[in-house]
Amino acid sequence: GHSIVTLDDMSTTDIQDILDRAGYIDAHRAEVSHTCDGRVLATLFYEPSTRTRLSFETAMLRLGGKVIGFAGAQLASVTKGESISDTLKTVSNYADVVAIRHPKEGAALVAAEASRVPVINAGDGGHMHPTQTLADLATLRSRFGRITDLTVGLCGDLTFGRTVHSLIETLCRFGDVHFVLISPEELTTPQYVLDRIDATPSCSYTEVRDLTAVIGDLDVLYMTRVQKERFFNEDDYLRLRDTYILDEAKLAMSKPDMAVLHPLPRVNEIAVEVDSDPRAAYFDQVRNGMLVRMALESMVVGDDLAGYEPARPLSG
Ligand code: CP
């Protein structure tokens with residue numbers, strides 16, 4: 001196995017295999033429960049998390065493995081000034097695979113370079129969140145039966161929303177997606193992400209400010225939280241945080257089978273009344289997040305999944 005800093009570190013065949021494996025694991029929980037016997041996952045979380053850390057951990061436990069780590073760097077030797085590299089040179093003696101979340105862009109790459117075992121990026125600042133993208137793709141596949149030929153609206157904080165950057169990067173590899181990028185002027189998509197769309201002949205984008213003007217065109221509406229922790233200025237955050245609020249009145253303007261995704265946590269950007277609408281897919285994402293992390297851990301450090309036959313030839 002090798003490290004996954006972005007999903008560019010996996011072939012498209014392997015990404016599709018992860019989605020296949022996640023479905024297989026869901027239907028064969030008992031059969032796969034020893035796939036990671038004797039293996040140890042370390043979770044190094046230098047930033048808050050509910051879903052990512054707990055799903056990485058429960059995934060390893062449900063595959064028969066064990067978990068070590070810290071949540072909240074204040075309890076680790078980072079408070080004494082230890083570097084990411086030294087932390088990985090240490091922890092990679094203890095664990096077979098490491099999941100790391102860190103507030104700095106590039107931290108997962110630094111970690112991977114220092115580690116003797118595979119490192120999986122669980123979110124590095126405003127850069128990338130590849131395992132969230134696997135959950136997003138699994139959710140799109142279960143809703144639409146495909147991850148191409150879609151009009152995908154991404155709404156909110158497109159500057160700092162790392163889940164958006166990972167999702168666009170990966171959808172471009174499969175192709176045939178039109179992105180509608182909906183954000184305030186101050187929170188537009190970074191140029192390196194736009195370049196990725198521009199470099200993909202079958203993909204295109206439009207940038208708009210008004211959600212209601214475009215919501216009727218969308219197959220997918222991916223809402224995001226304004227990333228308070230990445231702002232330098234509290235006033236800017238307060239001014240921008242409630243720019244887009246999806247409620248039933250706005251949802252009524254969308255296609256009946258549009259899927260509403262959100263990586264969560266949400267603050268105000270999706271009204272709770274939307275949760276009971278069949279278009280709401282964000283708690284499906286949560287469930288798929290655990291299943292894809294089980295699939296990924298089994299692929300990176302596990303034995304063969306009992307009874308599972310890959311649909312496609314895998315890369316080495
Ligand atoms: N979606 C996601 O990364 O959630 P957490 O920050 O709770 O892990």
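Every number here is computed from the coordinates shown, using simple stated rules; none is lab data. As the structure is a computational prediction, the values presented were derived from the model and not from experiment. Neighbour counts are summed over all protein chains in view; Cβ atoms, including those assigned to glycine, are modelled from backbone coordinates with ideal geometry.
Okay, here's what the table says:
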quantity: From the C-alpha gyration tensor of segment 164-316, square roots of 5λ in Å; calculated: 30, 20, 18
quantity: From phi via Karplus (6.51, -1.76, 1.60), per-residue ³J(HN,Hα) for segment 219-230 in Hz, x at Gly/Pro; calculated: 8, 9, 10, 9, 7, 9, 7, 5, 7, 3, 5, 9
quantity: Shape of segment 1-55, Cα gyration tensor, a/c cut at 1.5; calculated: oblate
quantity: Whether segment 113-190 is rounded, prolate or oblate, judged on the alpha carbon gyration tensor where a/c under 1.5 counts as rounded; calculated: oblate
quantity: Low-density loop cleavage sites - trypsin sites (Lys or Arg not before Pro) in segment 14-57, where at most 13 other Cβ are within 10 Å (DSSP); calculated: ARG29
quantity: Within a Gaussian network of the chain (alpha carbon springs, distance under 10 Å), most fluctuating of ASP304, ASP235, ASP284; calculated: ASP235
quantity: Long-range HN-HN contacts of ALA42 with modeled amide H, under 5 Å; calculated: ILE68, ASP96, VAL97, VAL98, ALA99
quantity: Backbone HN-Hα couplings from phi across segment 265-279 [Karplus 6.51/-1.76/1.60, Hz, Gly and Pro as x]; calculated: x, 9, 10, 10, 6, 10, 5, 4, 4, 6, 4, 8, 7, x, 6
quantity: Amide H contacts under 5 Å for GLU207, placed H, 5+ residues apart; calculated: LEU181
quantity: Largest-first principal axis extents of the Cα set of the chain (Å); calculated: 53, 47, 38
quantity: Pairwise centroid distance, computed over Cα atoms, of segment 223-279 with segment 129-150, Å; calculated: 19
quantity: Largest to smallest principal axis extent of the C-alpha atoms in segment 228-316, angstrom; calculated: 51, 38, 20
quantity: Interchain or long-range residues, amide H under 5 Å from ALA122's placed H; calculated: ILE100, ARG101
quantity: Length gained when the stretch ALA306-ALA213 is fully extended (0.36 nm per residue, less Cα-Cα span); calculated: 28.6 nm
quantity: Kirkwood Rh, angstrom, segment 178-256 [1 / mean 1/r, Cα pairs]; calculated: 14.2
quantity: Derived scalar couplings ³J(HN,Hα) [segment 73-80; Karplus, 6.51 cos²θ - 1.76 cosθ + 1.60; whole Hz; x for Gly, Pro]; calculated: 5, 5, 8, 10, 6, 4, 5, 8
